[in-house]
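Each remark here refers to the structure printed beneath this line.
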Amino acid sequence: MSEVLNANPTIRNASDLPSRRRQGNGQSSKTPSGLFATTVPSSAYIPDPFLPPSSDSDESSGDDDSVEPIDEQEIYDLISPISDPEHPLTLGSLSVVNLPDIHLTPTFPEKGSASPLTTLTVLITPTITHCSLATVIGLGVRVRLEQALPPRFRVDVRIKEGTHSTAEQVNRQLGDKERVAAALENGTLLGVLRKMLEGCENLET
Amino acid sequence: MPSSSSLPKLSLLSTLTPSSPSRAWLTAPHPTLPLLATCSSDKSVRIYSLTSFTLLSTITGGHKRSVRTCAWKPNLKGESVLATGSFDASVGIWRRYDTDDLNPKPVIAPVDFDARDENIDEYDEDEWRFAIVLDGHESEVKSVAWSTAGNLLATCSRDKSVWIWEEVGDDDYETIAVLQEHEGDVKCVAWHPEEELLASASYDDDIRLWREDIDDWGCVGVLRGHDSTVWCVQWEALTPNIYGEAEKLDVKEKWMKRREASGPRLLSCSDDLSIRVWRRNPKEKVPQSRLSIIRSGSSEEDWIEETRLPVVHSRPIYSVAWSKSGRIVSTGGDGSIVVYEERWRHSGTGTETTMLGARRDTIDGVENNGEPKADEAEPMEDVTGVNEAAEDANGRVATSSESGSGPHATNWVVVAQIEGAHGVFEVNNVAWASRKVPTGEGILEQEDLIVTTGDDGVVKVWRLEI
């Protein structure tokens, strides 16, 4: 970690980043307590339209009659503030995560609304093709999403094709549930991840 | 003998309480007692009763990270021994005297609930004794397995190695082999039900077979074919069980004879969404000189992919299990439980029509279970496609093994399916358990149960009503 691998990354202005700001962002940006207490997300979910009505009351846009499903922009808003592990810059401003590379699809398309499972695919673009931190960045994205999204989401984080020399290897690691779970119990790695996620909003409902 | 149209029905029998507050990885049914051991990411193991479906005790304080796996030592009387494997790289051995091994009562007397809660901790400490820790692995332990005789313990880890430990005395274990041929995490180990033959599944997409040959443990076979991580391997029981009636007795006899020669088959499931059955290609009976000490190739085994099960899962398949009655159950990231049966193939009027009949049964089976399902046509298509793939595999195997009647004598069909078994959560493990239930005249009959363990920390017990 001592050696900076990419000393001159391309940085995008905050005003150029895709956004659809919602109201009520005044909450402090502290990391939710117990963020990594378990590997299973438990409390900090975005309001989920598929949940039973009891949890609906917290929807921030109160005057809506219909609940909006979670969309790609919302996913982008969750992961773009993640800090790069070696620069004081966000993954959004470094174009590591990009709105067009976020895809939400029903896990069982043939079942329609009968199955609430949703597959979320996020393709990340490492800043340089041999960036050895790609796995850590991918892990940060996966952890952030698993922590913030309801458990009906199946999160697939992968390296965008052609942007990394060992993409397949990184993808295998990021897709391995057991490895991801074990990584989150590794103190050193956890410290790095916690620092990366410091800038993310607390999504308490 | 069930006719080909009688389908088992899968229904929820019980949800064990209380559940783990976080992800549970695996539940191991006790080999003889109505007990279940559930490993959790909260670093503990919960022991549940399979008769009252409640928590009996919690094993804590042994591991510093998630307990990923556990296994009951077989062939014990009066005492239970549990091996646990953890992300903290260690393996623990725990012991407890059985309170009543013939007629296990609920271990906790039916006192009032408040008193029971208070007693649990105190009780635990007397009950489960930490015997020994087996250190050696460099990173997370993923799976542990006792040999059928119980004298050997196999463990595997992300460090790519498989270790074999032998119990040489009371709580005294010796490392007798460190096997390092895998090129990735070793996800699962499983012992042959009869021979001292170990199968291991890995992140390197391979399955390896290991046995001792003149005092040295070594790899005797590599089973290649999966396109991604092999999550789980399991063995068939000693006696196979094929459902339905065989059309031709000679085909059946030929199949049984060959099965006898090759022994129990091996089952594997993978991130590549396939479930495969592997069969040993028995060696020609060459009069072998006992004096031959040339090791090269002498112990090598030839294993082939016999068939693939119908593809139903749409996310990684984490766990498969083969019941004593010959059925297979699978589960994984899509949260579905699927039960398969092997049936004698009816080929008289053309394979295709009978296959369709089987598929129809499958769909009916799902309907009978009253499971919510949106579209019938799509799953049908899926199964069709899959069976074609299985045909391809069969064809290939048949030509390579030159035993025409073999692979085509039977085929696998889906007989029961539950979607969303743990709600929206992934299911990490499935296992067969059995219990004795009284039938009409007070006779106890063995009943197959399915036990699933999920990311919600919950363990569910399902009945397969035949």
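The values are calculated or read from the model by the stated rules, or taken from the named source; none is laboratory data. Values in this document were obtained by computation on a predicted structure and should not be read as measured data. No Cβ is skipped: glycine too gets one built from the backbone with ideal geometry, and neighbour counts run over all protein chains shown. Note: accessible area is taken over every heavy atom of the protein model, side chains too, but ligands, DNA and RNA are not part of it. Shrake-Rupley method; radii C 1.70, N 1.55, O 1.52, S 1.80 Å.
Checking each residue in the stretch A:184-205 for being within 29 Å of B:Val230 (Cβ to Cβ) and within 12 Å of chain B (Cβ to nearest Cβ) picks out A:Leu184, A:Glu185, A:Asn186, A:Leu190. Select from the stretch B:29-60 the residues that are away from every other protein chain (no Cβ under 14 Å) and in contact with a Pro (Cβ under 7 Å, 6 or more places away or on another chain) and list them in ascending order. Scanning the stretch B:29-60 gives B:Pro31, B:Leu33, B:Pro34, B:Leu36, B:Ser49, B:Leu50, B:Thr51, B:Ser52, B:Leu55. With respect to the numbered conditions (1) open to solvent by 10 Å² or more (accessible area, probe 1.4 Å); (2) away from chain A (no Cβ under 14 Å); (3) modelled with pLDDT of 95 or more, which one is the sole condition not fulfilled by B:Gly348? Of the numbered conditions (1) open to solvent by 10 Å² or more (accessible area, probe 1.4 Å); (2) away from chain A (no Cβ under 14 Å); (3) modelled with pLDDT of 95 or more, the odd one out for B:Gly348 is (3). Residues satisfying the criterion are absent from the stretch B:96-103 (criterion: in a loop (DSSP other than H, G, I, E, B), away from chain A (no Cβ under 14 Å), at pLDDT 95 or above and crowded, with 17+ Cβ neighbours inside 10 Å).
Out of all the residues in the stretch B:71-86, is one or more surrounded by fewer than 24 Cβ atoms within 10 Å (Cβ to Cβ), of a type in the set (Lys, Arg) and either assigned to a strand (DSSP E or B) or within 14 Å of another protein chain (Cβ to nearest Cβ) (or both)? No, every residue in the stretch B:71-86 fails to be surrounded by fewer than 24 Cβ atoms within 10 Å (Cβ to Cβ), of a type in the set (Lys, Arg) and either assigned to a strand (DSSP E or B) or within 14 Å of another protein chain (Cβ to nearest Cβ) (or both). In the stretch B:157-194, how many are assigned to a strand (DSSP E or B) and open to solvent by 50 Å² or more (accessible area, probe 1.4 Å)? Adding up the residues that qualify gives 7. Scanning the stretch B:212-252 for residues that are open to solvent by 50 Å² or more (accessible area, probe 1.4 Å) and either under 30 Å from A:Glu178 (Cα atoms) or charged (D, E, K, R) (or both) yields B:Glu212, B:Asp215, B:Asp216, B:Val222, B:Arg224, B:Asp227, B:Gln234, B:Glu245, B:Glu247, B:Lys248, B:Asp250, B:Lys252. Can you tell me how many residues within the stretch B:187-216 are within 14 Å of chain A (Cβ to nearest Cβ) and in contact (Cβ under 8 Å) with a residue 60 or more places away in the chain? Summing the residues that are within 14 Å of chain A (Cβ to nearest Cβ) and in contact (Cβ under 8 Å) with a residue 60 or more places away in the chain in the stretch B:187-216 gives 2. Scanning the stretch B:425-437 for residues that are in contact with a Ser or Thr (Cβ under 8 Å, 6 or more places away or on another chain), over 13 Å from B:Ala28 (Cβ atoms) and within 14 Å of chain A (Cβ to nearest Cβ) gives a single hit, B:Val427.
Tallying residues that are out of contact with any Ser or Thr (no Cβ under 7 Å at 6 or more places or on another chain), β-branched (Val, Ile, Thr) and at pLDDT 95 or above within the stretch B:15-50 yields 1. Tell me, please, whether a residue that is open to solvent by less than 20 Å² (accessible area, probe 1.4 Å) and of a type in the set (Gly, Ala, Ser) can be found in the stretch B:297-318. No, the conditions are met nowhere in the stretch B:297-318. The single condition among (1) closer than 19 Å to A:Asp101 by Cα; (2) more than 11 Å from every other protein chain (Cβ to nearest Cβ) that A:Asp156 does not meet is (2). Open to solvent by 10 Å² or more (accessible area, probe 1.4 Å) and within 13 Å of chain A (Cβ to nearest Cβ) - does that describe any residue in the stretch B:438-452? There is no residue in the stretch B:438-452 that is open to solvent by 10 Å² or more (accessible area, probe 1.4 Å) and within 13 Å of chain A (Cβ to nearest Cβ). Would the stretch B:248-261 turn up any residue that is within 19 Å of the chain's Cα centre (by Cα) and not in a loop (DSSP other than H, G, I, E, B)? No: the stretch B:248-261 contains no residue that is within 19 Å of the chain's Cα centre (by Cα) and not in a loop (DSSP other than H, G, I, E, B).
Among the listed residues A:Ala148, A:Ala134, A:Ala181, A:Ala167, which satisfies the condition of being surrounded by 17 or more Cβ atoms within 10 Å (Cβ to Cβ) and within 10 Å of chain B (Cβ to nearest Cβ)?
Values: A:Ala148 fails: within 10 Å of chain B (Cβ to nearest Cβ); A:Ala134 fails: within 10 Å of chain B (Cβ to nearest Cβ); A:Ala167 fails: within 10 Å of chain B (Cβ to nearest Cβ).
Among A:Ala148, A:Ala134, A:Ala181, A:Ala167, only A:Ala181 is surrounded by 17 or more Cβ atoms within 10 Å (Cβ to Cβ) and within 10 Å of chain B (Cβ to nearest Cβ).
If you go through the stretch B:195-220 and pick out every residue that is outside any strand (DSSP E or B) and among the charged types (D, E, K, R), you end up with 6.
If only residues of the stretch A:76-123 that are within 14 Å of chain B (Cβ to nearest Cβ) and of a type in the set (A, V, I, L, M) are counted, the one that is most open to solvent (accessible area, probe 1.4 Å) is A:Ala114. Answer yes or no: is there a residue in the stretch B:29-46 that is at negative phi, open to solvent by 30 Å² or more (accessible area, probe 1.4 Å) and in a strand (DSSP E or B). Within the stretch B:29-46, one or more residues are at negative phi, open to solvent by 30 Å² or more (accessible area, probe 1.4 Å) and in a strand (DSSP E or B). For the stretch B:12-28, the set of residues classified as surrounded by fewer than 18 Cβ atoms within 10 Å (Cβ to Cβ) and within 14 Å of chain A (Cβ to nearest Cβ) consists of B:Pro21 only.
The residue of the stretch B:300-344 that is nearest to B:Ile450 (Cα to Cα), among those that are assigned to a strand (DSSP E or B) and within 13 Å of another protein chain (Cβ to nearest Cβ), is B:Ser319.
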